[in-house]
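The values are calculated or read from the model by the stated rules, or taken from the named source; none is laboratory data. Predicted model only: the values in this text are computed from it and were never measured. Using ideal geometry, Cβ is built from the backbone for each residue, glycine included, and neighbour counts are taken over all protein chains shown.
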Amino acid sequence: MIKCLIAADGSIKNVEVLKGIGSGCDEEALRIVNLMPKWQPALKNGKPVSLYYNFPISFKPIGEVHIIRASRNPEKTIVAGSSSTDSLINNSDIFYHVEEFPEFPGGMKQLVKFIGKTLRYPAFARRNRIQGKVISDFVITEDGSVSDIKVSQGIDSDLDEEALRVIRLMPKWNPGKRDGQPVRVHYTFPIMFKL
């Protein structure tokens with residue numbers, strides 16, 4: 001169950017998990033909500049107002065996913081070949097849904113700590129007060145390495161490059177698993193730059 005504030009301008013704020021299930025699903029639910037476009041705000045006496053909203057997000061295993069074509073925008077990724085009967089895993093397959101999601105060593109707290117220690121706000125962006133969220137996509141491989149790093153939604157070339165630099169410096173993760181075997185897992189990760 002997710003709780004968020006739909007602001008008077010339709011933006012989504014204060015997103016939090018009210019009731020989670022773990023195994024990476026809570027983080028994925030937060031990621032999905034944070035990628036949503038602006039909503040139509042609630043109206044009171046004909047004027048837009050802020051309103052807290054609760055809603056469930058369900059996760060159901062769909063089996064193996066073969067990527068046909070991926071776009072820069074995660075919402076427009078085309079997938080096909082979902083089949084729960086496939087038992088063979090090809091080493092080049094990239095999974096979006098697995099039983100065990102990859103985890104940064106030490107969990108989310110350590111990941112936030114790592115970002116805080118490693119991130120350097122680019123001087124040009126700081127001087128010009130450029131802020132915002134850089135969303136990056138990458139793959140956590142079978143051995144936990146971070147690969148195929150790219151910016152899927154950027155805000156400024158300096159900030160985009162800094163986000164990529166930080167991700168490249170990440171240590172190996174605990175890999176995601178499907179049927180008990182480590183597999184390559186797609187991961188989308190936002191880094192917020194705020195002055």
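Summary table
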{"item": "Unique residue being touching a residue at least 12 places away in the same chain (Cβ under 8 Å) and not in a strand (DSSP E or B) when the list is Asp160, Asp137", "result": "Asp160"}
{"item": "Residue that is farthest from Leu195 (Cα to Cα) [pool: residues in segment 120-134 that are of a type in the set (D, E, K, R) and assigned to a loop (DSSP other than H, G, I, E, B)]", "result": "Arg120"}
{"item": "Number of the exception - Val112 against (1) in a helix (DSSP H, G or I); (2) surrounded by 15 or more Cβ atoms within 10 Å (Cβ to Cβ); (3) aliphatic (A, V, I, L, M)", "result": "(2)"}
{"item": "Of residues in segment 156-186 being modelled with pLDDT under 90 and closer than 24 Å to Ala29 by Cβ, the one surrounded by the most Cβ atoms within 10 Å (Cβ to Cβ)", "result": "Arg178"}
{"item": "Within segment 165-179, tally of residues that are free of Cβ contacts under 8 Å to residues at least 60 places away in the same chain and small (Gly, Ala, Ser)", "result": "0"}
